[in-house]
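Student: Attaching a single structure in C-alpha cells format; questions to follow.
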Amino acid sequence: MSKVVVVTSGKGGVGKTTSTAALGAALAQTGQNVVVVDFDVGLRNLDLVMGAERRVVYDLINVVQGDAKLAQALIRDKRLETLSLLPASQTRDKDNLTAEGVAKVMGELRKKFDWIICDSPAGIERGATLAMRHADVAVVVTNPEVSSVRDSDRIIGLLDSKTEIAERGGTMEKHLLLTRYDPNRADRGDMLKVDDVLEILSIPLIGIIPESMEVLRASNLGTPVTLSDASCAPAKAYSDAARRLMGETIPMAVPTDRKGLFGKLFGRRAA
Amino acid sequence: MTESLKSPTPIRLRGRSFLAIVLSPELPFSNWLAGLDDLARRSTGFFLGRPIVLDVAGLDLSREALEGLIEELQARNVRIMGIEGARASLLGPGMPPEMRGGRPAGDIEPAEDQAPTEAAAKPPAAAPAAVAAASPASVPQVTTVVPPSPASLLIETPVRSGQSIVFPEGDVTVLGSVASGAEIIAGGSIHIYGALRGRVMAGSVGNPDARIFCRKLEAELLAIDGLYKMADDMDPQLRGQPVQVWLDGDAIKATTLN
C-alpha cells in the first residue's frame, strides 16, 4: 500500500525541500521504494539538494501535459537505488499544473512506489494546493518562530478543507516537523519552545531537527543530510522522524552534537 | 476584579444581513437575456428596489463580455450590487464590487402578474395582490423558504488561522483554540474552551446581552454588539487568563473566571 506524503509549511525558507530530501533518503535507506516529487514549478530546488540537477531531461509538467512518459522523467539516485526524483520544470509556471494531470501522475506513481513524497512550494496558491490535494499524510514543517507557526496553522486549515480526503469527509493525518531548533536560544526565550508550538498547532510531533551547519553543507554538496553524514545530529533526527512516519514508536529527544569539554565551556558564547 | 475597558468615542460596527437575489447568467447571453425579459414581462418590476448579485462562477468570460452583460442588465433597470465568483482580473474600477461568502437561502418565486382584466375588475383597496400588480414600483410578493436552523453551533476542532466562522443565528462554542488570524462572528455568545488568539465578535446582529468566554485570553480583537477592543487596549493582567467579557452600557467589561 503506497502512501503519498506532502511536505508543506505555508512560509518559505523553513526547510521543506531539505526535509523532503532527507526524509526521502532516510525512508529509502530502510529498503522502501521512494520517489520525491518537486511541485515548486518555476523555482525548483529539489534537484539541486538531491544532486541531480545535471540529469534532468523531462519534468513533472512534461508528464502532466503528456509530452513525456513518467519513466522518462524519473531520475534514479546514484547512491541509493530505491530512491527516485521527479523534478519540476524551471521554465514554466504553476498554471501549467492541472488537477486532472496531477491526479493521473499520482495514480501512476502509487503503482510504482511505496512512498511518494511531494515537496510543496511556499504559499497557499495553485502549486501548494495541488501538492497537498492527493496526499494521505502531511508533514508540516515549522520553524520555532511566530510567523512560521501562524502560516503553518493556516496550512493545517487548508489540509482540513481543500484536500481530497477532506472533501470525502475524512481527516488527513498530520505531523509537525520542527526544524532549525536551537535549545539554547529557546531556553533564553529568543525562540518559541517546543511546547509553545505544539500548544498552538495541536498536531502530533514527528521530529525536532536541530539548527546545524551540517544541513547547509549537505544541501550545497547536493546530498540529503541523511546520506552525507548519518551520524550527525540532524541526520539522526531525520532518520528517527522517517521511522515514526513508518509507524514506529521512538522516544522524542532534542538531538545535539556531542561536544568536548571546550565545546561545553564555550558552547554558549559560540551560539 | 472587574476591569472597565471604556473607550472614549465608541464606534459601532454592526453586521446586518439582507436577502439578495442571485442571477446566474448562462452562455450565450442573448438566450439568457431573452429568458430574463420573459420573466420581467410576466412579473412587472420584480427587480426594482431589490439587491441583486451576479454569480459568474464557472463562466469563461472576458472583461469586455462582463462589462457588456452589466450594460445590458442596466438597460433593463437591473442594478447589480456585487459580483460573485469572478476572477480578480475581471473586475476593475467602475464595476460592481466582488462578493463572497454567500450562503444559499432557498428559492425566490416571482409572483405572476394578474391578468389585466382581473385586476381591473377588482377594486384596488380590496385586494392587495391587485395593488401590487397595478403599481409597478411596489415590490411583488415573494415566497422565501428558509430552512429551520439550530440556535447554536458546536465546533469540535481548532479554528485555524485564516478560517472565518460566521453564525448570525446564535451561539458558537469551540472546543479547541482559535488561532491568530482566525475570526468568529456570532449572533449570540461565544464560548472558547481553548486559547483565544484570533478575533471574535459576539452579538453581531445587535444583541448587547451576548458574552464572550474563553479559557485563555490572547485575543487580537474582542467585540460585542459592534463595540470592540483591540489587544493593546486590554488590561495586561487579563492576558493568558480564563476570562469573561460582557457589555455594560457602552463599556466592554472583562473579568477573570476564577
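Each reported figure results from applying straightforward, stated rules to the coordinates on display, with no laboratory input. Being a predicted model, the structure only gives us computed values, none of them experimental. Here Cβ is always computed from backbone atoms with ideal geometry, including for glycine, and neighbour counts include all displayed protein chains.
Student: Relative to the longest principal Cα axis of chain A, at what angle does helix A:233-245 sit, 0 to 90 degrees, rounded to 10?
Tutor: 50
Student: log10 I(q)/I(0), Debye, Cα-only region B:160-238, no solvent, q = 0.11, 0.22, 0.23, 0.25 Å⁻¹?
Tutor: With one equal scatterer per Cα and no solvent, log10 I(q)/I(0) is -0.22, -0.93, -1.02, -1.20.
Student: What is the mean projected area of the alpha carbon convex hull for the protein assembly as shown, to one decimal in square nanometres?
Tutor: Here the figure is 33.3 nm², rounded to one decimal.
Student: Which whole number gives the average, over all residues in A:153-163, of C-beta atoms from other chains lying within 10 Å of the residue C-beta?
Tutor: Whole-number average of other-chain Cβ neighbours for A:153-163 is 5.
Student: Next question, about the same structure. Go from 0 up to the bin containing the longest alpha carbon distance in chain A, width 5 Å each, and give me the % of pairs per bin.
Tutor: Histogramming chain A at 5 Å steps yields 1, 6, 14, 18, 20, 17, 12, 7, 3, 2, 1, 0, 0 percent.
Student: What does the charge count around residue A:33 come to, taking other residues whose C-beta lies under 14 Å from its C-beta (Lys +1, Arg +1, Asp -1, Glu -1)?
Tutor: For residues surrounding residue A:33, the net value is +1.
Student: In peptide A:201-207, what is the residue-averaged number of other protein chain Cβ atoms found within 10 Å of each Cβ?
Tutor: That works out to 2 on average.
Student: Please work out the C-alpha center-to-center distance from region B:173-239 to region A:209-248 and express it in whole Å.
Tutor: First find each Cα centre; the distance between them is then 42 Å.
Student: Tell me which residues come under 5 Å, amide H to amide H, from residue B:165 once H is placed; ignore anything under 5 positions away on its chain.
Tutor: Result for residue B:165 returns B:183, B:184, B:185.
Student: Among residues other than residue A:226 whose Cβ falls under 15 Å from its Cβ, what is the net charge (Lys/Arg +1, Asp/Glu -1)?
Tutor: Taking every Cβ under 15 Å from that of residue A:226, the sum is +1.
Student: With the crude spin-label approximation of a point 7 Å out along Cα→Cβ, what separation in nm comes out for residue A:100 versus residue B:157?
Tutor: 2.9
Student: May I ask what percent, to the nearest 5, of DSSP beta bridges between residues of the protein assembly as shown are antiparallel?
Tutor: If I count the DSSP bridges inside the protein assembly as shown, around 25 percent turn out antiparallel.
Student: Give me A:36, A:64 sorted ascending by neighbouring Cβ count inside 10 Å, so fewest comes first.
Tutor: If I rank by nearby Cβ atoms, fewest first, I get A:64, A:36.
Student: Cα gyration tensor of region B:213-257, axes a ≥ b ≥ c as square roots of the eigenvalues: rounded (a/c below 1.5), prolate (a/b > b/c) or oblate?
Tutor: prolate
Student: Based only on other Cβ atoms within 10 Å, what is the fewest-to-most ordering of B:193, A:181?
Tutor: Going from sparsest to densest Cβ surroundings: B:193, A:181.
Student: Which of A:78/A:104; A:11/A:78; A:94/A:174; A:78/A:112 have a Cα-Cα distance over 29 Å?
Tutor: Long pairs (Cα-Cα over 29 Å): A:11/A:78.
Student: Right, another one. Could you please tell me the mean projected area of the C-alpha convex hull for region A:1-153, averaged over all directions and given in square nanometres to one decimal?
Tutor: Average projection, Cα convex hull of region A:1-153: 8.3 nm².
Student: Take each of the peptides A:47-58, A:18-29, average the number of other beta-carbon atoms within 10 Å over its residues, and list them starting from the highest.
Tutor: Put in order of decreasing packing, that is A:18-29, A:47-58.
Student: Using Stokes-Einstein with the Kirkwood hydrodynamic radius over Cα pairs, what translational diffusion coefficient do you get for region A:123-163 at 4 °C and a viscosity of 1.567 mPa s, in µm²/s rounded to a whole number?
Tutor: Translational diffusion coefficient: 122 µm²/s.
Student: Let me ask something else about it. Using only C-alpha positions, report the orientation-averaged shadow area of the convex hull of region A:1-55, nm², one decimal.
Tutor: Averaged projected area of region A:1-55's Cα convex hull equals 4.5 nm².
Student: For each of B:197, B:12, B:63, count neighbouring Cβ atoms within 10 Å of the residue's Cβ, then give the residues from fewest to most.
Tutor: B:12, B:63, B:197
Student: Can you give me the Cα centroid spacing of region A:115-184 and region A:14-45 in angstrom?
Tutor: With region A:115-184 and region A:14-45 each reduced to a Cα centre, they are spaced 15 Å.
Student: Okay, next question. Could you estimate the translational diffusion coefficient of region A:162-214 from the Stokes-Einstein equation, with Rh from the Kirkwood formula over C-alpha pairs, at 4 °C and 1.567 mPa s, in whole µm²/s?
Tutor: For these conditions, the coefficient is 101 µm²/s.
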